[in-house]
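The values are calculated or read from the model by the stated rules, or taken from the named source; none is laboratory data. Just so it is clear, the structure is predicted and the values come from calculations on it, not from any experiment. Cβ placement follows ideal geometry from the backbone for every residue including glycine, while neighbour counts extend to all protein chains displayed.
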Amino acid sequence: MITQIVKRDGRTVPFELDKITEAIYKAAKALGGSDRRMAEDLAKQVVAYLEEKNLQTPTVEQIQDAVERTLIENGHARTAKEFILYRSGRTRVREMNTRLMKIYEDLTFRDAKDNDIKRENANIDGDTAMGTMLKYGSEGAKQFDEMFILKPVHSKAHADGDIHIHDLDFYTLTTTCCQIDLTKLFTDGFSTGHGFLREPNSIQSYSALACIAIQSNQNDQHGGQSVPSFDYDMAKGVAKSYRTLYRNNMIKALEFEGIEDADSLIRSTLEKVEAETGLWPALNADNGFHAKEAELLIPVIGEEAYKKAYDFSRKFTDKEIDRHTYQAMEALVHNLNTMHSRAGAQIPFSSLNYGTDTSPEGRMVTRNLLLATEAGLGNGETAIFPIHIFKVKEGVNYNPEDPNYDLFKLACKVSAERLFPNFSFLDAPYNLQYYKPGHPETEAAYMGCRTRVVANNFDPSRSVVTGRGNLSFTSINLPRLAIKSNHNVDFFFEQLEREVELVIDQLNERFKLQAGKKVRNYPFLMGQGIWIDSDKLSPDDTVGEVLKHGTLTVGFIGLAECLTALVGKHHGESAASQNLGLDIVGCMRKRLDEESRRTGLNYTLIATPAEGLSGRFVRLDKKKYGVIEGVTDKDYYTNSFHIPVRFPISAYEKIRLEAPYHALTNAGHISYIELDGDPVKNLDAFESVVRYMKECGIGYGSINHPVDRDPVCGYTGIIDDVCPRCGRREGEAVSVEKLKKLGVYKHLNASTLGCCGNADEEADRIPNTL
Amino acid sequence: MKNENIEMVGQGVGFERIRRITGYLVGTLDRFNDAKRAEVNDRVKHGLDSGMERL
Ligand SMILES: [Zn+2]
């Protein structure tokens, strides 16, 4: 006769049959059952079983084992499963309470260098007060969501590492990212919630407001912010600045000539021309403005005075506009690297796409943005933000006869020096299908994390990049599925399909939460009409309908390790593996396309960027399956479909093998090439890699090479052990005299190190022929 | 041999090494998580010797 049981904490408490009955009844009830009597009978059988086993004072664990066994023996397999789920859920809750407090303890008392969680996101400083505060919130929210928000089956899959639900801390709060239409936002001005900003009137205010827009929107979402057509958006600012500068120069010139009331004469003339023809003084002098201007001014001031003032104004305005644009772009890069969002702990994740506007104003924006990036920050440091994406397009900038070919060349040079821009390829068939000349909103764009949003199954007539973004994404642990399949490829595909099914269900659950939010929950994103069609909603409307323009996305990680586990070789090693790899990724894409058709929503597939994730999956798998050669024998899984980073392969072969996966991953992708040495010394090779990406059908690519900097002498380039400029080793001191001799000593003292960007040697560097 | 009167600077100042990680540039390896640090250390360079003719 059982009278007492042992609780988990070791205490002995009186036995209550009712508690077992209740647990069984709850599990049955979850499946629609309502037979309390049967639950009682089963509970009695549990007790009989325990007594038969001679367990006079059983533990809670032993009782639960007995319940599972009894349920299965009586043919209640589904109830047993529900009970197991309930039981593991309770176990997790208990473990989590302990785990969360342990995490808080580590956050509180350990430095980032000793604490992986604090370094989960490389762009948040985990050692600052606000960075730590963000982490407390984030870790607490994650645990809460796992325990109380997620369906138990999703929570378990995430906790076990079958899948990874990204940005789980924001699960109940917001969506990932957005591509901002600055032209639309600026028209008639906008409000940040802290004040109204008038429509900007110069390139300086255009660029300043661009930063504010990015910062404001970042506070409403958990991912990055992208401007898909930055050159087109800023071109209008250049045009407005030109108008003002030209007007002021004309006034100055006429005043110098002693003409009375020059100010009101010029102002009224410009206004009149604009009212009658819509024309402004512009970088393109042949736009028709000056003919009309001459017609009005010559009768008043004479032909000679007009001609003189005109020549003067054109000459100086052309010079000034270039300088103003450069300063605006310099300030923008500076702002995007120093401004903070999210309680001051994080710099906004910004991406700018550009390179295709062929107007003189748009070209001026692109050129000066590249030049400002090339120059670097105040002390010549490489700017970390924004992510630059140069859009490559035949007929626009790809071939020598194209109008923006010079800018493509410049983009290659700057990327060889500063790692940005990356390159996107609008001629890749899957991007080209949306491209309409003269409609920048149809030019495929990328967001820093590689996200791509163009197609719109919810409303195909709105297949545009602007005002849209990703809602959420969840990644599948491919190597795990492969290990579990034990070399059986058919079984692998069965499991993969089941896993995709599970993730689709989870994305839907999350979408339901997102859809129930109101416009007022996103004062900038929705309140200022950034998100497509949100301008048609009122503050208390829910955002569900307009969110349907966004994407629900499945990702994957470790295709290489998956292939190795399945067939012994990854896709860099064998053509058969490459084919299998394409089948695997194609299988996921096909299922998502079906789901899109079925629901009218946008289900898409992404090649997951795996910052926090690449270690977590492999850690769990190593624990579960041990060290498997080529699979779990490293501390990370390879990103998405990439060829493993330590596999020797030529740049061209890597590009050729990875390109077909770009076509399949419609929610985003990127390929990297690691170049040896200083690419600045071989720009032709650099460009040939970019061109090969385009020819192979890559959608988005980037070239990595070492960019080192000595903050003491300001040298930027490759530094092995010894700085090639000042000769010091890391941590060593160098004499001020030597720095002076090198011409790099400016205002150095013990506390302010680093100064220059224009040392003789850098100026002397001769780039390869362009 | 060192003259004590020579003014020196830079003692203890390291080099900055900018690397790209999942699309973002990071100024030092300190802020990478352990797995990503391991990945960066494993990266091999991709040669340009073969395949040029395909262009
Ligand atoms: Zn140096």
Out of the residues in the stretch B:1-30 meeting the condition of being over 23 Å from A:G714 (Cβ atoms) and within 7 Å of another protein chain (Cβ to nearest Cβ), tell me which one is modelled with the lowest pLDDT. B:T22
Exclusive hit being crowded, with 21+ Cβ neighbours inside 10 Å and in contact with a Cys (Cβ under 8 Å, 6 or more places away or on another chain), set A:T451, A:T474: A:T451
For A:Y745, are the conditions met, namely being more than 7 Å from chain B (Cβ to nearest Cβ) and within 12 Å of the ligand (Cβ to nearest atom)? yes
Could you tell me which residue of the stretch A:706-726 is farthest from A:I673 (Cα to Cα), considering only residues that are part of a loop (DSSP other than H, G, I, E, B) and more than 9 Å from the ligand (Cβ to nearest atom)? A:D721
Report yes if some residue within the stretch A:521-530 is part of a helix (DSSP H, G or I) and surrounded by fewer than 24 Cβ atoms within 10 Å (Cβ to Cβ); otherwise report no. yes
When you go through A:T553, A:T608, A:T542, A:T599 one by one, which is the residue that is within 30 Å of A:P648 (Cβ to Cβ) and among the hydroxyl-bearing types (S, T, Y)? A:T608
Some residue of the stretch A:16-24 being touching a helix residue (DSSP H, G or I) at 6+ places or on another chain (Cβ under 8 Å), touching a residue at least 60 places away in the same chain (Cβ under 8 Å) and surrounded by 14 or more Cβ atoms within 10 Å (Cβ to Cβ): yes
Please find, within the stretch A:727-742, the residue that is farthest from the ligand (Cβ to nearest atom) out of those that are surrounded by 18 or more Cβ atoms within 10 Å (Cβ to Cβ) and facing another protein chain (nearest Cβ under 9 Å). A:S735
Read through the list (1) on the phi < 0 side of the Ramachandran plot; (2) part of a loop (DSSP other than H, G, I, E, B); (3) without any contact (Cβ under 8 Å) to a residue 60 or more places away in the chain; (4) not β-branched (V, I, T), then give the number of the only condition that A:G438 fails. (1)
For the stretch A:627-635, indicate whether the set of residues that are at the interface with another protein chain (Cβ under 8 Å from one of its Cβ atoms) and crowded, with 24+ Cβ neighbours inside 10 Å is non-empty. no
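A quick yes/no check of all residues on (1) in contact with a Pro (Cβ under 8 Å, 6 or more places away or on another chain); (2) surrounded by fewer than 22 Cβ atoms within 10 Å (Cβ to Cβ); (3) at the interface with chain B (Cβ under 7 Å from one of its Cβ atoms):
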site	(1), (2), (3)
A:N666	no, no, no
A:S671	no, no, no
A:G677	no, yes, no
A:Y692	no, no, yes
A:G697	yes, yes, no
A:D708	no, yes, yes
A:P711	no, yes, yes
I'd like to verify a number: residues in the stretch A:349-385 that are buried (at least 24 other Cβ atoms within 10 Å of the Cβ) and of a type in the set (D, E, K, R), how many? 2
Of all residues in the stretch A:570-622, how many are among the β-branched types (V, I, T), farther than 19 Å from A:H166 by Cβ and either in contact with a Cys (Cβ under 8 Å, 6 or more places away or on another chain) or not in a helix (DSSP H, G or I) (or both)? 1
